[in-house]
């Protein structure tokens with residue numbers, strides 16, 4: 001579903017909802033981004049503050065306001081955004097126009113998705129921790145409670161995920177509005193006291209600092225980048241809200257509020273350099289400090305919720321695109337399809353977040369690990385957009401897009417290079433996590449392809465099977481539905497039945513699920529039923545990568561094709577494959593990893609929502 005043309009009253013509701021979901025991550029960056037510039041040796045002098053603010057303002061303007069909000073939101077995959085949706089779109093284009101790039105496109109898109117998980121674990125930890133650290137400003141004697149309170153909030157957040165967040169989510173938008181208004185108000189109050197801080201709007205301050213202090217400027221970029229870390233969320237959540245509400249929220253409230261707050265922090269540090277240790281909280285009057293800590297905590301919980309939901313959504317998409325085994329997905333809303341819960345992802349993320357908080361101990365410590373994954377993903381997004389832009393028919397628009405993205409890539413590569421300097425201070429963590437997840441994703445894809453190749457060798461072609469009348473085989477009453485991974489091959493389970501039971505059902509249906517590289521499939525395009533021979537049918541069911549593959553629901557439509565599948569006389573035959581030996585097609589460790597992933601996979605019957613009392617599972621053993 002897209003929202004390119006929505007009535008004004010709905011546009012307002014979507015914009016409010018987008019504030020609560022899309023901008024949580026980037027909206028909480030003022031808690032730690034500006035102060036990190038002065039945490040690692042940069043003196044909080046007048047000139048350095050102006051240079052930092054200048055770099056920060058133009059980075060947000062070029063990367064977020066221009067690249068993401070104005071340009072990237074134009075590149076949707078049937079209304080959906082995010083790096084996997086873009087990868088599917090680029091893969092579709094390159095297979096047709098640049099086939100030599102097709103495999104590389106698939107791999108870099110998957111690597112970007114793997115990097116996202118590193119960001120998804122760090123975001124809740126650094127956001128909530130930076131908010132709770134305001135306690136040490138308000139009441140220093142309670143500083144020892146920062147870690148326990150942070151862990152308590154994060155554990156509670158992950159524990160409530162299985163109940164869904166629809167009711168709590170209603171409050172996200174209004175709370176975020178209050179948050180951004182507070183950011184802007186605090187910033188304006190400080191700017192009015194030191195208006196000369198607005199000189200930093202001039203990009204020459206950042207350029208001059210770079211020319212005279214190139215090494216310090218290189219390090220500074222990694223701190224400035226912390227203000228951009230929610231950029232990918234703008235694109236990833238596009239399918240929920242559409243481009244227009246996201247743009248309206250950004251240009252109308254979020255961007256001005258963020259800039260006012262950053263400049264307000266800079267003005268404060270120009271007046272008193274000792275405030276650089278935590279300029280965000282020192283902006284507030286003493287009487288408002290505790291309410292600000294509470295508001296910041298709520299804002300960071302909202303930001304964490306958006307990241308957690310994004311991890312669920314990405315996992316579901318990866319499964320649908322064939323990069324992960326079937327995983328149990330629980331829908332937590334009857335009305336909102338995008339609200340899902342994946343238990344395995346939830347508990348792994350909670351474990352990771354707890355270890356991060358205990359291991360790094362502060363938002364400054366976590367900031368050292370933050371940024372590499374996001375900056376890498378940004379570069380990959382730009383590369384994929386370049387490939388998609390090459391397929392645009394409008395030559396003038398194509399040239400404008402390519403020129404804009406190339407400018408963005410130059411800055412993003414600089415940010416990525418700067419963030420690499422953090423590797424020794426914790427930056428290795430998201431890279432290691434990304435490589436582990438990339439290995440899992442590509443191993444499953446490769447192993448699945450080898451299994452499919454193995455089946456192609458032993459299965460009979462559909463054409464040959466249909467040409468043989470099989471008149472010597474007795475028929476029994478009822479309908480047998482065989483799930484087929486390849487619509488042109490007859491599943492071996494049918495021949496196992498013939499071999500062991502010496503009979504065939506009077507009606508046979510070969511059922512193939514087609515996973516499309518689009519997010520949703522229209523209902524009128526869902527089914528394709530083909531009569532192959534008397535009593536033999538081929539049924540193809542198409543699902544988009546954002547959809548829950550519900551075969552029970554989809555197959556009700558076969559009645560429209562004069563194919564009845566009565567529950568009392570229909571049996572579904574599905575396969576359960578096991579790896580029994582590894583013979584070198586895959587390296588032994590990778591073969592063993594694939595076998596382990598197969599054992600964790602949800603059964604086909606459960607994953608496709610087949611009626612349990614109508615399913616027969618037949619095991620097959622494979623050597624890779």
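At a glance:
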item	result
In degrees, nearest ten, helix 588-600 long axis to first principal axis of the chain (Cα)	80
Cβ-based exposure ranking for 446, 464, in which fewest neighbours within 10 Å come first	464, 446
For the stretch 398-515: span of alpha carbons on each principal axis (Å, largest first)	73, 39, 25
Cα extents of the stretch 452-623 along the three principal axes, largest first (Å)	49, 43, 30
Stretchable slack from residue 514 to residue 10, in nm (0.36 nm times residue separation minus alpha-carbon distance)	178.0 nm
Convex hull (Cα only) mean projected area of the stretch 427-479, reported in nm² to one decimal	6.5
Mean separation of Cα contacts under 8 Å, 6 or more apart, over the residue count of the stretch 452-623: relative contact order %	21
Within the chain, percent of DSSP bridges classed antiparallel, to nearest 5	30
The stretch 535-624 - Kirkwood radius from inverse mean 1/r over Cα pairs (Å)	15.6
Virtual spin-label span in nm between residue 156 and residue 46, 7 Å along Cα→Cβ	4.6
Which of 523, 517, 36 has the fewest Cβ neighbours within 10 Å, and the rest in rising order	523, 517, 36
Extent along principal axes [Cα atoms of the stretch 453-505; Å; largest to smallest]	32, 20, 18
D (Stokes-Einstein, µm²/s), Kirkwood Cα radius, the chain, 1.002 mPa s at 20 °C	81
Contour minus Cα-Cα distance for residue 602 and residue 207 (0.36 nm per residue)	136.7 nm
Angle in degrees between helix 46-59 and the longest Cα principal axis of the chain, rounded to the nearest 10	30
In degrees, nearest ten, helix 83-97 long axis to first principal axis of the chain (Cα)	60
Helix-derived mean residue ellipticity, 222 nm - over the chain, DSSP H n ≥ 4, -39500 (n - 2.57), to 500	-17500 deg cm²/dmol
Computed label-point distance, nm, for sites residue 96 and residue 193 using a 7 Å Cα→Cβ extension	5.9
For the stretch 98-257, fraction of C-alpha pairs farther apart than 29 Å, in %	42
Taking 470, 93, 500 and counting other C-beta atoms within 10 Å, the order from fewest to most	500, 470, 93
Förster-model FRET efficiency, 35 Å R0, residue 351 and residue 286, C-beta, rounded to 0.05	0.35
Cα convex hull of the stretch 283-428 - mean projected area over all directions, nm²	13.9
Modelled FRET efficiency - R0 51 Å, residue 533 with residue 406, Cβ distances, 0.05 increments	0.35
DSSP beta bridges in the stretch 510-602 [antiparallel fraction, %, rounded to 5]	50
Extended-chain gain in nm, criterion 0.36 nm per residue less alpha-carbon gap, residue 251 and residue 540	99.6 nm
Label point distance in nm, residue 556-residue 423, each placed 7 Å from Cα along Cα→Cβ	5.5
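FYI, it's all coordinate maths here, none of it is from the lab. What you see is a predicted model; the values in this text were computed from it and never measured. Positions of Cβ are backbone-derived with ideal geometry, glycine not excepted, and every protein chain shown enters the neighbour counts.
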